[in-house]
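S.K.: Supplied in structure tokens, the structure appears directly below.
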Amino acid sequence: MDTNFQTPILLLTFNRPNHTRLVFEEIKKQKPKYLYVFQDGARLGNELDTEKCQAVRELFIQPLGWDCELRTNFSTLNLGCGMGPAAGITWFFDQVDRGIIIEDDAVPAIDFFQYAAELLEKYQENSDVRAIGSMKIDVEKYGDASYYFSMMNRNLCAWATWKRAWKDFDYYLEKTSADDFSKALKKYKLTIKEKDYWQDRLEEIHKDRLNESSWDMQFLMSIWLNHGIGICPNVNLSANIGFDPEGTHMSNADNAAANIPVQSILPLNHPKDIKINRKSDFNY
């Protein structure tokens, strides 16, 4: 009997060997059959980057000790924290039809892997369901099941999706007008404050103000433009260890999303209805 974890996993890395090592240790416990590693390249002229990027790559040189198809994509150019992850995820879905994506500062709970694999299978044919998240910051439980449905306006640090959802990703959103976006958002019954916030983000993307730092907002917008929904767990399933001096966007260790303890979610209790819980979106 093959005891290897069968769902493909993508690990997105850059220049943080200590963070990457902690995340990789949790991945190794699953003995994945298919492991993909993407690394953004060192910034031009940055010797410390070069050293740290090399230290990250060395983590994947040693034999893994189990039957694993390890594929690596180490960029020679620095694409940045917007285009870099987007390029890595696109490379991943050029080869698989569904999978788990984990960034180098998101330490997944042991239950996260089976949770993601089970839901990827369960909702494979439901094109409305477009992402499976892991983070839960607030303490309120939504509904009676192990997870609930959401607009999916959550941090995508350790998550899962399908090729069918990623194919609608548009980094620059050039073909999406403010009017198109407004019409798409009507399904979700946003407050005026929420609608204004996301319309402002679309305008920033159109003006290239976010394109060096964001890919996840564009992916969330692709969900809404296609009238989709996401899944969020009712317990936290990943600990973000990136809120430190090496953090790309956040360095405040007191941030509400920093180092939240993880919990068990198995066995899964599935919701009876596929319906967005708007209270959860608003609370986030």
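The values are calculated or read from the model by the stated rules, or taken from the named source; none is laboratory data. Given the structure is predicted, the values throughout are model-derived calculations rather than measurements. Neighbour counts run over all protein chains shown; Cβ positions are idealised from the backbone, glycine included. Surface areas here come from the heavy atoms of the whole protein model, side chains and all, with no ligands, DNA or RNA. Shrake-Rupley method; radii C 1.70, N 1.55, O 1.52, S 1.80 Å.
S.K.: Based on the alpha carbon coordinates of the stretch 121-225, what radius of gyration and maximum Cα-Cα distance (Dmax) apply, in Å?
M.R.: 14.4, 43
S.K.: Separate question: Mind putting a number on the dipole of the chain about its Cα centre? Charges go on the C-beta only, +1 for Lys and Arg and -1 for Asp and Glu, and I need it in Debye to the nearest 20.
M.R.: 760 debye
S.K.: What lysines does Lys183 reach when the alpha-carbon gap must be under 24 Å and sequence neighbours fewer than 8 apart in one chain are set aside?
M.R.: By straight Cα distance, Lys183 reaches Lys167, Lys175, Lys193, Lys195, Lys207, Lys275, Lys279.
S.K.: Write down the accessible area per residue of the chain in Å², having rolled a 1.4 Å probe over the full set of protein chains.
M.R.: Details: 13710 Å² over 284 residues.
Here the residues of the chain average 48 Å² of exposed surface.
S.K.: Tell me, in nm to one decimal, what length is gained between Gln199 and Asn226 on full extension, where the rule is 0.36 nm per residue of separation less the Cα-Cα distance?
M.R.: Contour length minus Cα-Cα distance gives 8.1 nm.
S.K.: With a 10 Å radius around each residue's Cβ, average the other Cβ atoms per peptide and rank 105-113, 167-175, highest first.
M.R.: 105-113, 167-175
S.K.: What distance in nm lies between label points placed 7 Å from Cα along the C-beta direction at Ala178 and Arg43?
M.R.: For the pair Ala178/Arg43, the computed spacing is 3.3 nm.
S.K.: Moving on. Could you tell me the distance between the Cα centroids of the stretch 97-127 and the stretch 36-53, to the nearest Å?
M.R.: Between the Cα centres of the stretch 97-127 and the stretch 36-53 lies a distance of 27 Å.
S.K.: Using a 1.4 Å probe and counting only protein heavy atoms, arrange Glu125, Glu51 so the residue with the most accessible area comes first.
M.R.: Largest to smallest exposure gives the sequence Glu125, Glu51.
S.K.: Sticking with this structure for a sec: Might you work out the accessible area of Lys187 for me, using a 1.4 Å probe with all protein chains in place, and round it to the nearest 10 Å²?
M.R.: Approximately 100 Å² for this residue.
S.K.: Next up: Where does the chain land at 222 nm, in deg cm²/dmol rounded to the nearest 500, when only DSSP H runs of n ≥ 4 count, each adding -39500 (n - 2.57), divided by all residues?
M.R.: My calculation for the chain gives -10000 deg cm²/dmol from helical runs alone.
S.K.: While we're here: Pull out a ≥ b ≥ c, the square roots of the eigenvalues of the alpha-carbon gyration tensor of the stretch 92-175, then state rounded if a/c is under 1.5, prolate if not and a/b is larger than b/c, and oblate in the remaining case.
M.R.: Rounded shape, in that the Cα axes give a/c under 1.5.
S.K.: Counting only protein heavy atoms and a 1.4 Å probe, tell me what percentage of the chain's accessible area is made up of carbon and sulfur.
M.R.: For the chain, the apolar C and S fraction of the accessible surface comes to 50 percent.
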